[in-house]
Amino acid sequence: MSTYYYKDTVLEELEELGFYNNQYLNKGLNIYTSFNSEYQNTLNDLIKEKKIQGDLQCAFTVANPKTNQLQALIGGKDYANSQYNRAIHASRQIGSTMKPFLYYLALENGFNPSTRFLCEPTTFKLSNNTTYSPANFHQKYAYQEITLAQAIAVSDNIFAVKTHLFLGTENLRDFLKSYGINAKNNASLALGTVNTNIYNLSNIYCNIASGGKYQHLYTIEKIVDHQGKTIYQHKNQRIQNLNKESCLILNQLLTGTFNKQFSTYLNATMENYQTKYTVACKTGSTDYDNLIVAYNPNILINGWVGYDDNRKIENSQEKVLAKELAIDFLNKEIKKEVGIN
């Protein structure tokens, strides 16, 4: 597996920058990247250890939210068997990893961690005279008002749809569009009924993790030609495009997914995957996809596990693979980062 998927990602970026042609390649280029070999080796080792069976596949990206550098990437479990780079090319439904984007908009529109909605089975009457009846995981409901903090921790679907309809469904659609993701303006969008790849997903999460500063994820720092002349230098163009305070509150709320105090009618989604250090996290699952985004201010890992042919994920061990890999990775790498033995 090694570094091949990452190299392919660099070559695609090289092409986007206009340097992937014979004029440059025949004479030779030195390309300097944001690659972190330690992160890549840790990812590679963890995936080998898991011995992922059969046709099940995975994709992971690791980025630095403070710089937007893409530092490690895996586009599949075995490059020798499949060169398809799922991290940047597999368009998959993102499920509940959508909810933090919705709740960012809610915080911007007067919500706070204590904002409450009633959590019970609900049929929503929509403006086009149709109805929508989302369900919570395992059909479990509080049958009382719950807070935004609780809703995030347990990934409550009723709270999400109520928030989405309260804000106006076009707000979430427009938020996604600002990152180049086209979504339908409908009620189910709150629950992640839109397809994209984990590279794009990481791009938005880095924006939130950094306190609202944005520039697009990148791998290439500098390109030097055969004569030693620098023909490209990445320029830091980070802009404050999201509200810093709302991002900081949201980052804090996303640490609640590990908090057992929220495990009442539903479990906090990361209750069984404790980290040694404070981490914000959101998971997403459909019948065919399992996703996770987990981060602190310096490191963000985004992972996907599923089948290329959209087969259902039936095996309970397969359903937790993304969580296990991401948390194992962070427990190893944050430990080094904070200098604790």
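Brief remarks on what is shown
- Mean residue ellipticity at 222 nm, helices only, the chain: -9500 deg cm²/dmol; runs of at least 4 DSSP H residues each add -39,500 (n - 2.57), and the sum is divided by the number of residues.
- As computed over segment 182-341, the Cα convex hull volume per residue (Å³): 194
- Highest mean packing comes first when the peptides 234-240, 74-80 are listed by Cβ atoms within 10 Å, giving 74-80, 234-240.
- Straight-distance crosslink candidates among lysines, where the alpha carbon sits under 24 Å from K51 and sequence neighbours closer than 8 are dropped: K7, K77, K312, K319, K323, K332
- Nearest 10 degrees, 0 to 90: helix 99-108 Cα axis against the chain principal axis: 70
- Electrostatic bookkeeping for T67 treats Lys and Arg as +1 and Asp and Glu as -1; over the other residues with beta carbon under 11 Å from its beta carbon, the sum is +2.
- Rg over Rh [alpha-carbon atoms, Kirkwood Rh] for segment 266-341: 1.01
- Degrees separating the helix 321-337 axis from the principal Cα axis of the chain, which is the longest one: 60
- The lysines within cross-link reach of K213, meaning a Cα-to-Cα straight distance under 24 Å and a gap of 8 or more places when in the same chain, are K66, K99, K177, K222, K235, K244, K282.
- The heavy atoms of D287 offer some 80 square angstrom of accessible surface to a 1.4 angstrom probe.
- Summing Cβ point charges (Lys, Arg +1; Asp, Glu -1) relative to the Cα centre of segment 148-249 gives a dipole of roughly 220 debye.
- Across the accessible surface of the chain, with the other protein chains kept in place and a 1.4 Å probe, carbon and sulfur atoms take up 44 percent.
- Rolling a 1.4 Å probe over the heavy atoms of the protein chains gives the chain an accessible area of 45 Å² per residue.
- Working note: Karplus 6.51/-1.76/1.60 with θ = phi - 60° gives segment 40-49 the couplings 5, 5, 4, 4, 4, 5, 5, 5, 4, 4 Hz, where Gly and Pro are set to x.
- Over all other residues within a Cβ to Cβ distance under 15 Å of I208, the charged ones net out to +4, with Lys and Arg as +1 and Asp and Glu as -1.
- Taking Cα centre as origin and charging only the Cβ of basic (Lys, Arg, +1) and acidic (Asp, Glu, -1) residues, the dipole magnitude of the chain rounds to 460 debye.
- Listed by chain and number, the aspartates and glutamates whose alpha-carbon sits under 12 Å from that of K276, ignoring those within fewer than 8 places in the same chain, are D328, E333.
- Taken over the Cα atoms of segment 89-227, the convex hull encloses 130 Å³ per residue.
- Computed as a quarter of the hull surface, the mean projected area of the alpha carbon convex hull for segment 202-269 stands at 6.5 nm².
- Distance cut-off 24 Å, percentage of C-alpha pairs in the chain lying past it: 56
- Here the gap between K260 and H89, fully extended at 0.36 nm per residue and compared with their Cα-Cα distance, gives a gain of 58.0 nm.
- Angle of helix 4-16 to the longest C-alpha principal axis of the chain, folded into 0 to 90 degrees and rounded to 10: 80°.
- 5 angstrom amide H check on Q215, placed H, neighbours 5+ away: I239
The values are calculated or read from the model by the stated rules, or taken from the named source; none is laboratory data. This is a predicted model, so every value here is computed, not measured. Glycine also receives a Cβ, built like all others from the backbone with ideal geometry; neighbour counts cover every protein chain displayed. Protein only, heavy atoms only, side chains kept; ligands, DNA and RNA dropped before computing areas. Shrake-Rupley method; radii C 1.70, N 1.55, O 1.52, S 1.80 Å.
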